[in-house]
Amino acid sequence: MNPIFRPQRLLGEGMLAAAQRHPDKTALVVEGEPFSYLQLKEASLRLASSLRSHGLNKGDKVAVYMDNTWPCIVSVYGTLLAGGVFFIINPQTKADKLLYYLQDSEAKILMTDSHLEKKYFAITDETTHLQTIIASGGNSAKKLIPKISLVDFMDVIDESIPMAVPQSLNPVDLAAFIYTSGSTGEPKAIMHTHQAMVFTAWSLIEYIRLAQSDRILVVIPFAFDYGLYQLLMAMKLGATLIVERSFTFPAKIYQRIEEQKVTVFPGVPTVFAMMIATHNKKKMSFPTITRITNTAAALPAASIPSLQEIFPNALIYKMYGLSECKRVCYLEPELINKKPQSVGKAIPGTDTFLLDPDGNPVAAGEVGILHVRGPHVMVGYWKLPELSNKMLKPGRYPGEQVLCTHDWFKMDEDGDLYFVGRSDDIIKTRGEKVSPTEVENVLHRTVPGVREAVVVGVKDEMLGQAIVAYLVMETNTETNDRLVKKICLANLENFMVPQTIIFLDEMPKTPNGKIDRKLLLEQAEVGK
């Protein structure tokens, strides 16, 4: 069958089809350097061939411990074409946690960057499954490690013969592990099949209304599935992905948007908060961008008018998801002003519904636990059957499993969802239940100059839990805790008003760019 018309059942097939259609088209612009689809295809097939020669068998695990770079992207597709299961580790990860990932996953091969060698050389003696390290950008391959082969990435690309036929796989074979951030205990590996990830990518492409002509900018680590799916969507579609390592230097990113005529900008609230702060000092506008997307945390409704000024021609997508199914729902961008607090309906091809703790459906307007049904739901957690059973519940048909998110939502009469809070985030104070999200929304909406707001609950002998609000304010904003509490009293029930207001210069962030709520909670407990 002509590869152009062959169904895309496996995760790597979309890139191969795009390379067949337009080999000379720019697939990637990595820190300003362009790479064509043909270059990506050839490099990936060469790496796949080398991985097989180094003992990679169908289903073996490959750890990709790299920045957002050309070798990282080639490592993803090379692993897929060789029949392996890839997972990406954030390059900020320290040696002890790297060892945990390698041991837990039973990874046979480590793809990495030589500038990280102090970290991976520190733990190679303790690994029990690792057989090969392929490193880019340096002289790691010249070192000697007992029982582990060291190979230079460029030698592999230059010297290997491209694999003629990709490894034969079944769509229900595993394609990737997505490790959670580890906010509760050790990181957990979420297992996703080829068919689940192919389905998810096409569902996202459909509702974000992506086209082959799009130029998508990614500043989010590929280790974060939100960043990874920008790559998977772009390569499946035959679009162009503009790749940057991070948003650390915003001025550089703004320049890249303009010079590359970016049309799609995926962000997280912390990125958008920084952009709005800059915009408030000196107006800026990016008219080439036609869609912006947000996930990782709720986008405050108060941010939307500023984003509409910065991106005057863009549809704004508010979304909610979790790594166990990638994405749950999205708000149609035409409703952004009508329903700014909503995260919308289920993504195409899936269902969502709310149940009470006893498993009974809840009426519109009532709070319930969100459940998700569809092909995008994970197989389970690697080597954690009890935890898998906690998250995966019996579905409508015998053998079917649905995902219980354990997050609280409301649904309006139109079927649009509203996030209330995570089950472990709900604050119980004075005998009442308080959603941190609701208090955060009020702080954003009513307190002048709030850039970021996080609300947590700490143990309190009299109240059960006391409410603590962390705020990052715009530069030159004059306020104090008494003024903030006064505004809250005018806009919230008394029991929802924070007992403590803490001002920060910036919020602590996880390696994926999310606000580190766990660290803030720990700080609040210590300072109580």
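The values are calculated or read from the model by the stated rules, or taken from the named source; none is laboratory data. Keep in mind the model is a prediction, meaning the values are calculated, not measured. Because the Cβ atoms are built from the backbone with ideal geometry, glycine has one as well, and the counts that use them run over all protein chains shown.
Results, tabulated for the structure shown:
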read-out	value
Cβ-Cβ under 6 Å pairs, at least 6 apart or on other chains, region 104-129 side on the phi > 0 side of the Ramachandran plot, far side part of a loop (DSSP other than H, G, I, E, B)	E106/H129
Matching residues in region 202-233 - criterion: being hydrophobic (A, V, I, L, M, F, W, C), under 13 Å from the mean Cα position of the chain (by Cα) and more than 17 Å from R256 (Cα to Cα)	F222, A223, F224, L228, L231, L232
Subset of region 514-528 (residues that are in a helix (DSSP H, G or I) and aliphatic (A, V, I, L, M))	L519, L520, L521, A524, V526
Which numbered condition I304 misses (of (1) within 23 Å of V472 (Cα to Cα); (2) touching a Lys or Arg at 6+ places or on another chain (Cβ under 7 Å))	(2)
Strands (runs of 3 or more DSSP E) within region 164-266 that include 1 or more residues in contact with a Gly (Cβ under 7 Å, 6 or more places away or on another chain) and in contact (Cβ under 8 Å) with a residue 40 or more places away in the chain	174-179, 189-193, 215-218
Given (1) assigned to a strand (DSSP E or B); (2) closer than 28 Å to I369 by Cβ, index of the condition V442 fails	(1)
Pair list, Cβ < 7 Å and 6+ apart or interchain, from region 276-297 residues that are among the basic types (K, R) to residues that are modelled with pLDDT of 90 or more and in a helix (DSSP H, G or I)	R291/I208
Among the candidates E332, E309, E324, residue that is in the same structural domain as H406 (by TED's automatic domain parsing) and free of Cβ contacts under 8 Å to residues at least 24 places away in the same chain	E332
Among (1) surrounded by fewer than 18 Cβ atoms within 10 Å (Cβ to Cβ); (2) modelled with pLDDT under 95 - the single one I220 does not satisfy	(1)
Members of region 398-416 that are farther than 13 Å from V328 by Cβ and among the charged types (D, E, K, R)	E400, K410, D412, E413, D414
Qualifying residue in region 70-85 (condition: more than 25 Å from M197 (Cα to Cα), outside the structural domain of G513 (by TED's automatic domain parsing) and either in contact with a Cys (Cβ under 9 Å, 6 or more places away or on another chain) or outside any loop (DSSP other than H, G, I, E, B) (or both))	no
So G349, is it more than 29 Å from Y101 (Cα to Cα), without any contact (Cβ under 8 Å) to a residue 24 or more places away in the chain and out of contact with any Leu (no Cβ under 9 Å at 6 or more places or on another chain)	no
Residue in region 133-143 that is in contact with a Phe, Trp or Tyr (Cβ under 6 Å, 6 or more places away or on another chain) and not aliphatic (A, V, I, L, M) present	yes
Filter result for M284 (at negative phi and either charged (D, E, K, R) or not in a loop (DSSP other than H, G, I, E, B) (or both))	no
Residue in region 495-513 that is assigned to a helix (DSSP H, G or I), crowded, with 18+ Cβ neighbours inside 10 Å, at pLDDT below 90 and outside the structural domain of T93 (by TED's automatic domain parsing) present	yes
Residue identified as within 23 Å of P348 (Cβ to Cβ) and out of contact with any helix residue (DSSP H, G or I) (no Cβ under 8 Å at 6 or more places or on another chain) among A176, A196, A201, A223	A196
Qualifying residue in region 268-288 (condition: modelled with pLDDT of 95 or more, within 21 Å of the chain's Cα centre (by Cα) and either within 21 Å of N90 (Cβ to Cβ) or in the same structural domain as V372 (by TED's automatic domain parsing) (or both))	no
Answer residue from region 458-469, given it is touching a helix residue (DSSP H, G or I) at 6+ places or on another chain (Cβ under 8 Å) and surrounded by fewer than 22 Cβ atoms within 10 Å (Cβ to Cβ) and is modelled with the highest pLDDT among those	V458
Scan of region 152-161 for residues that are surrounded by 14 or more Cβ atoms within 10 Å (Cβ to Cβ) and either outside the structural domain of R46 (by TED's automatic domain parsing) or modelled with pLDDT under 90 (or both), ordered by number	S160
Breaking point among (1) in contact with a Gly (Cβ under 7 Å, 6 or more places away or on another chain); (2) under 25 Å from T180 (Cβ atoms); (3) at pLDDT below 95, for Y77	(3)
Selection count, region 458-469, where residues are in contact with an Asp or Glu (Cβ under 8 Å, 6 or more places away or on another chain) and farther than 16 Å from E493 by Cα	2
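To keep it simple, each residue is scored yes or no on (1) of a type in the set (D, E, K, R); (2) crowded, with 20+ Cβ neighbours inside 10 Å; (3) touching a helix residue (DSSP H, G or I) at 6+ places or on another chain (Cβ under 7 Å).
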residue: H376; (1), (2), (3): no, yes, yes
residue: P385; (1), (2), (3): no, no, no
residue: S388; (1), (2), (3): no, no, no
residue: E400; (1), (2), (3): yes, no, no
residue: L403; (1), (2), (3): no, yes, yes
